[in-house]
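We did not get these values from a lab; they are worked out from the coordinates using the rules stated. The structure presented is a predicted model; accordingly, all values stated were derived computationally and were not measured. Cβ atoms come from the backbone with ideal geometry, glycine included; neighbour counts cover every protein chain shown.
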Amino acid sequence: MTDTAVPTAATTIEPGASDAPHAATAAQLRRFIKSRAYVPMHELRRRFELNGVADDVLPIDTADGRVFVGLPERESQFLADLVRQGDVGLELCRDPEVAMVVGVYPMRPISH
């Protein structure tokens with residue numbers, strides 16, 4: 001037996017926990033989003049095992065103003081960069097009055 005701690009359901013995940021072995025790279029996020037017509041945010045979290053804290057919601061600034069995305073900080077920045085580069089678009093939910101990202105979609109095909 002080893003003295004390695006095993007995470008439990010009660011384990012608190014610290015900010016930046018997305019730096020775990022399953023963290024996505026910007027290129028992986030881009031390829032995954034571009035391989036589908038639409039990707040809901042919960043699918044991005046599940047696909048890349050982005051297990052941050054329960055209220056992981058960070059603002060990102062876009063050409064159309066500030067929106068909020070439910071991803072850990074590192075992946076939120078990757079997504080913000082992809083949006084600024086014109087690679088992906090954001091589907092927003094404005095209920096009640098805040099622009100919350102609920103999904104993403106490719107803006108142009110991947111060049112091979």
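Between Q28 and E97, the distance separating the two model label sites (each 7 Å from Cα on the Cα→Cβ line) works out to 3.9 nm.
Summing +1 for each Lys or Arg and -1 for each Asp or Glu, what net charge is found among the other residues whose Cβ lies under 14 Å from the Cβ of R30?
Numbers: positive: R31, K34, R36, R47, R84, R108; negative: E75, D81, D87.
Summing Lys/Arg as +1 and Asp/Glu as -1 gives +3.
Between amide H atoms placed 1.01 Å from N, distances below 5 Å from T62 occur with V67, all of them 5 or more places distant or on a separate chain. Local charge for A99 was computed over the other residues whose Cβ lies under 13 Å away, with Lys and Arg +1 and Asp and Glu -1, and equals -3.
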